[in-house]
Amino acid sequence: MLLLMACAGEPEPPARKPDILVVVLDTVRADHVMADLPTPQLQAVADAGVVFTSASSSSWTWPSHASLFTGQAPWEHGAHFTEGDGLTVAGGWIQVSPMRRDAVTLAERFSAEGYRTAAVGANALLDPDLGLTRGFEQVAVYPNHDVRVLQEVDAVLAAEDDRPLLLFVNLYAAHAPWEIRDATQALQPRLDAATWLDPWKLNRAAIAPHAGRTQDEPDMVERWLQGDLEIDAEGWELINQLYNGEVMHVDRELNHVLTSWNTSGRSSGVVAVTSDHGELLGERGMVLHCRSLYPELTHVPLVLAGPGVPTGQTVQTPVQLRELYGALLQLAGIEDGSSLLGTLDTPRTDPLLDKAWKDGTWATRIGGRYTQGYEMVRHEGWALISGTTSGHELYDLETDPGMTMDLSEAHPDRVDALRQHADFVEERPTGLLEVDDATQERLRAMGYIQ
Ligand SMILES: [Zn+2]
């Protein structure tokens with residue numbers, strides 16, 4: 001495996017602004033990498049720099065990428081589910097609001113400093129027509145096609161251009177639909193690839209027998225999403241091995257990106273690798289992602305290496321993905337001030353806020369837990385989740401980091417104290433996005449709309 005060149009010592013202002021590489025491993029949970037699952041390339045970047053062990057994101061692609069690209073929380077940049085107008089695709093389910101046009105994006109900041117900027121990804125939501133990648137001078141999206149993404153990355157890095165480069169890459173392998181990879185078969189040789197390729201029939205053929213059902217029952221996925229489909233232990237093991245195989249595969253793809261990055265002469269640049277959200281693999285009776293705030297979805301890997309970043313350091317202080325925005329500007333010498341690099345030595349004292357919006361489509365289709373939105377406050381080792389129509393859930397993060405034991409009835413004073421920190425100021429963005437038929441079809445093919 002390729003080892004990233006370590007850059008130890010005191011940060012020095014570079015004579016030339018550093019090349020910057022940001023890789024999002026879409027849908028990768030923090031507890032399914034490195035110490036928990038062999039992902040040697042991600043580990044190599046961590047060894048060369050800093051690993052943040054308590055990094056959090058939003059619960060799905062749209063708000064998380066907008067936070068990464070703007071440095072803002074979702075209720076500030078506006079890109080999240082909406083029950084009202086917004087990105088409403090004809091005949092479709094997805095109802096999201098667009099990213100605010102007055103939010104200055106990472107690509108716009110770097111372009112203003114003379115950077116060449118390129119975004120290459122496999123998630124259809126990065127389509128330039130949808131606005132998330134605003135400011136990148138080059139955007140290439142190949143929905144659910146990491147091989148094409150890697151080829152495009154090679155082309156971007158091979159192009160002759162003297163300007164420093166900001167390159168964003170989104171790799172999609174860990175996102176459903178999961179395929180059988182070499183890594184998967186090493187974990188579970190008896191899996192049959194042909195049964196696992198439809199995102200909305202996810203795992204149906206293989207998992208149905210473990211739930212006492214047949215694969216043809218039309219409401220199986222809906223019942224699973226409601227949390228009332230019981231899967232036996234072997235079924236859950238299969239799901240985890242499928243997912244883990246894809247995570248190990250995406251680590252190999254990361255190795256490809258970094259090999260190409262280094263051989264293009266950019267080994268002294270800044271490299272950040274993270275994810276936009278995790279995935280529920282049966283915990284709490286749920287699968288997939290988007291609509292809750294539990295750590296299976298919001299706890300993501302985050303590693304950062306390069307000039308100005310210490311080597312081999314672990315940061316346990318909670319940080320949020322949006323804070324990478326300021327860190328990258330700081331490492332490029334574009335902006336001074338605080339960023340998550342400030343957390344290296346200083347314990348965090350301010351509360352962290354998160355929010356998941358109600359999705360009107362799923363509220364109608366699934367009901368139950370999906371008929372409301374959720375807010376979360378984390379402060380002083382505690383987490384409070386409040387549903388907009390249900391009660392509160394309180395968790396002691398010191399003794400229960402997985403947030404499995406609700407202590408709200410035992411600690412009403414703590415609930416009240418944390419509620420005082422819930423300070424969400426939501427500004428609705430204006431303006432609708434119009435999406436052409438081809439973009440609709442790409443979103444439909446990936447399961448975002450039906
Ligand atoms: Zn995603």
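The values are calculated or read from the model by the stated rules, or taken from the named source; none is laboratory data. It should be emphasised that the depicted structure is a prediction, and the values quoted were computed from it without experimental measurement. Because the Cβ atoms are built from the backbone with ideal geometry, glycine has one as well, and the counts that use them run over all protein chains shown.
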Residues of segment 31-40 satisfying the condition of being surrounded by fewer than 24 Cβ atoms within 10 Å (Cβ to Cβ) and either within 16 Å of Leu297 (Cβ to Cβ) or touching a residue at least 60 places away in the same chain (Cβ under 8 Å) (or both): Asp31, His32, Met34, Leu37, Pro38, Pro40
Within segment 150-191, considering residues that are outside any loop (DSSP other than H, G, I, E, B) and within 16 Å of the ligand (Cβ to nearest atom), the one nearest to Leu331 (Cα to Cα): Phe168
Search result, residues across segment 256-291 that are more than 16 Å from the ligand (Cβ to nearest atom) and either assigned to a loop (DSSP other than H, G, I, E, B) or farther than 30 Å from Leu165 by Cβ (or both): Ser267, Ser268, Gly269, Gly282, Glu283, Arg284, Gly285, Met286
Among residues of segment 104-124, those that are crowded, with 20+ Cβ neighbours inside 10 Å and modelled with pLDDT of 90 or more, counted: 13
Number of positions in segment 143-163 that are surrounded by 14 or more Cβ atoms within 10 Å (Cβ to Cβ) and touching a strand residue (DSSP E or B) at 6+ places or on another chain (Cβ under 6 Å): 6
Single unsatisfied condition, Gly285 versus (1) assigned by TED's automatic domain parsing to the domain that holds Ala79; (2) out of contact with any helix residue (DSSP H, G or I) (no Cβ under 9 Å at 6 or more places or on another chain); (3) surrounded by fewer than 23 Cβ atoms within 10 Å (Cβ to Cβ): (2)
Residue check for Thr133: polar (S, T, N, Q), within 16 Å of the ligand (Cβ to nearest atom) and at pLDDT 95 or above: yes
Candidate set: segment 55-85, residues that are within 11 Å of the ligand (Cβ to nearest atom) and in a loop (DSSP other than H, G, I, E, B); chosen: the one surrounded by the most Cβ atoms within 10 Å (Cβ to Cβ): Ser58
